[in-house]
Amino acid sequence: MRGRPTLAAVTVIGALFLAGCGDSDSGSDSSAAGAELSVGAAYIPQPVSDSMAAGFLTITNKGDAEDELTSVTSEAGDVTVHETVDGTMKEVDRLPVPAHGRLVFKSGGNHLMFEKLKQQLKQGQTVSVELHFAHSGAVTVKLPVKAATYQPTAGHSGH
C-alpha cells in the first residue's frame, strides 16, 4: 500500500542519506531495504524575471526501492514540478526516483518552476527548498543562485 508523504523534516545541505524505516506489512527480504536518496548538482540560474525562476538538481537513489518526488515547497515562492517530454513542458504532481537510479532536473528537461517570488533572486544568494517524497522523509536543499549563463560541469553523473 502506498503511504502519504512523510511530514518529518530532515535538514540537509549537500548529500543526504535516507534509509527506509520499518516495513512491517511484508516479510520479504527486498522490503527491508528502502530508498537511499542523495541530492546534488543543485542550482538556480539568475532569473531575468522578478517573479519567476527555474531550479535544477539531481536526486540519486542508491537503494533497492523506488520512491517518488511528490512536491516541492519553499519560502521563496510557489514551486511546481515540470516534466519535459518531446520538447513539451507540463506540470506534474509526482516524478519517480528509480531504485539504483537518478531523477535529473536540467535545462531543457525536468525542472522546478518558481513563481510568485517574494524577492528578485541575485547571483550569490541561496534558495532553500523542501523536497517531499512518497516514502522517504522530506529533504531540505539549498540551491545557490548562479550566473544566468551557468552550465554545470559535464561528467558529474558519478556523484
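The listed peptides 115-123, 38-46, ordered by packing as a protection proxy, come out as 38-46, 115-123 (highest mean of other Cβ atoms within 10 Å first). Among the lysines, select those whose C-alpha is under 24 Å from the C-alpha of Lys90, and discard any that sit fewer than 8 residues away in the same chain. Within the straight-line limit of under 24 Å, Lys90 reaches these lysines: Lys106, Lys116, Lys118. Residues His135, His82, His100, ordered by accessible area of protein heavy atoms at a 1.4 angstrom probe radius and largest first, appear as His100, His135, His82.
In the stretch 41-135, the portion of solvent-accessible area held by carbon and sulfur atoms comes to 46 percent [1.4 Å probe, whole percent, DNA, RNA and ligands not counted].
With all protein chains in place and ligands, DNA and RNA left out, the 1.4 Å accessible area ranks Thr149, Thr70 as Thr149, Thr70, largest first.
The values are calculated or read from the model by the stated rules, or taken from the named source; none is laboratory data. The shown structure was predicted, so the numbers you read here are calculated from the model rather than taken from an experiment. Every residue, glycine as well, gets a Cβ built from its backbone with ideal geometry; the counts of neighbours run over all protein chains shown. The protein model used for the area step is the full one, side chains on, heavy atoms only, and it has no ligands, DNA or RNA in it. Shrake-Rupley method; radii C 1.70, N 1.55, O 1.52, S 1.80 Å.
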